[in-house]
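Notes follow once the structure below has been shown.
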Amino acid sequence: MDVYVLSQIVNGLIFGLIYGLIALGLTIIFGIMRVVNFAHGEFLMLGGYALYLFTVTLGLHPLIGLPLSMASVAAFGVLTERVLLRPIYTTRIERPEEYAIILTFGLSLFLQNGALATAGAYEYTPNSFWSGSVPVIGDLWLSGDRLFAAAMAVVLILATLLVMYRTWLGRALMATAQSRVGATVSGINAIGMNMTAVALAGLLAGAAGALLSPIFLVYPDVGVVPVVKAFVILVLGGMGSIPGAVIAALILGLVESLGSVYISLAYKDVYSFLVLIAVLLIRPYGLFGQKERRA
């Protein structure tokens, strides 16, 4: 196999894993709260800025800065849920879904403009996790930061799946996603599950932003394109399906990379939408989604 093609396949898998981290957070929030978080890309941006703050401004080692960045964005997620999203469930609001869309979209604009006013339109480079390049297969070399990002993405995705399917917390989250009333009757704090879902989504998005920042730098609208890909993955995998989000992310990463090789690099960001359209024509509810039952 040509080295260039092989490198694109490996890069596709790496970006698929990163997309998976971002899309998992969106999927969890939608599954638990039925809210599409339009500010999710800014959670990623905050993760990148946090890593820069911890590693460059404060001089901490990147391996220390990474968990601190993740925790910081998770804490911001908790604050977002407590102040902005909780009224959807604790007060009587007409059309709460529209309220959530407007609110999260406004938060997205606020965070982007806040970053622009605070840090400027400059591109910031946090300290590298793994400097230099590493031989992978034959003549194929990849940057250490990309390999580290891929390895951490695998660890975090597996840890998330383990939490969701093998712990009481995960079962409580899935019970809340299935029926909020039933979960409450069973003694599960549905409001607490909302907060946990947003915190977990912030944790994963913050990790993605921190892992990508040494590779693609940090700037105010860095999260716009990745979160669009995450929305595509959310629909492609099946709204609320966690395994579907992971598999769809890997498919999307490979399609983008191979499409860039065999068709054109200029249309890289279009391939994801073409795949989405093709899948929805066959399965309108996504690869792993379930057909909605109507009375």
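Under a GNM of the chain (C-alpha, springs under 10 Å), which listed residue has the highest mean-square fluctuation: Glu94, Glu256, Glu42?
Glu94
Please sort through the DSSP H helices of the chain and keep those with an alpha-carbon extent of at least 18 Å along the long axis and a Kyte-Doolittle average not below 0.5. Write down the numbers at each step before the final one.
On the way: long enough: 3-33 (45 Å, 2.04); 40-52 (19 Å, 0.57); 62-80 (26 Å, 1.68); 96-119 (33 Å, 0.87); 144-166 (32 Å, 1.60); 190-216 (38 Å, 1.67); 224-237 (20 Å, 2.57); 242-262 (30 Å, 1.79); 268-282 (23 Å, 2.13).
Span-like helices, by this rule, are 3-33, 40-52, 62-80, 96-119, 144-166, 190-216, 224-237, 242-262, 268-282.
Where in the range 169-213 is the amide nitrogen less than 17 Å from a point lying 7 Å along the Cα-to-Cβ axis of Tyr99?
191-192, 194-195
Between Ser133 and Asp221, what FRET efficiency follows from the Cβ-Cβ distance if R0 is 25 Å, with the result rounded to 0.05? Kindly include the intermediate steps, with their values, before the conclusion.
On the way: r = 29 Å, r/R0 = 1.15.
Once the sixth-power term is evaluated, E becomes 0.30.
Answer with a single label: of (i) 17.0; (ii) 14.7; (iii) 23.0, which was calculated as mean projected area of the Cα convex hull in nm² from the structure in view?
Correct label, based on the coordinates given: (i).
For the chain, modelled as a Gaussian network with Cα springs under 10 Å, which listed residue fluctuates most, Ala159, Ala266, Ala248?
Between Ala159, Ala266, Ala248, it is Ala266 that shows the largest mean-square fluctuation.
Given the options Asp221, Asp145, Asp269, which has the most mean-square fluctuation in a GNM of the chain, springs set between C-alpha atoms less than 10 angstrom apart?
Most flexible of the set in this elastic network: Asp269.
In whole angstrom, note down how far apart the Cα centers of the range 108-130 and the range 35-99 are.
Cα centroid of the range 108-130 versus Cα centroid of the range 35-99: 14 Å apart.
Applying a 10 Å radius around every beta-carbon, put 4-16, 20-32 in order of their mean neighbour count, most first.
Working: 4-16: 18.2, 20-32: 27.8.
The most tightly packed comes first, giving 20-32, 4-16.
Read-outs: derived from the displayed coordinates by stated rules, not from any lab. In this text, all values refer to a predicted model and were calculated from it rather than measured experimentally. Backbone-built Cβ (ideal geometry, glycine too); neighbour counts: all protein chains shown.
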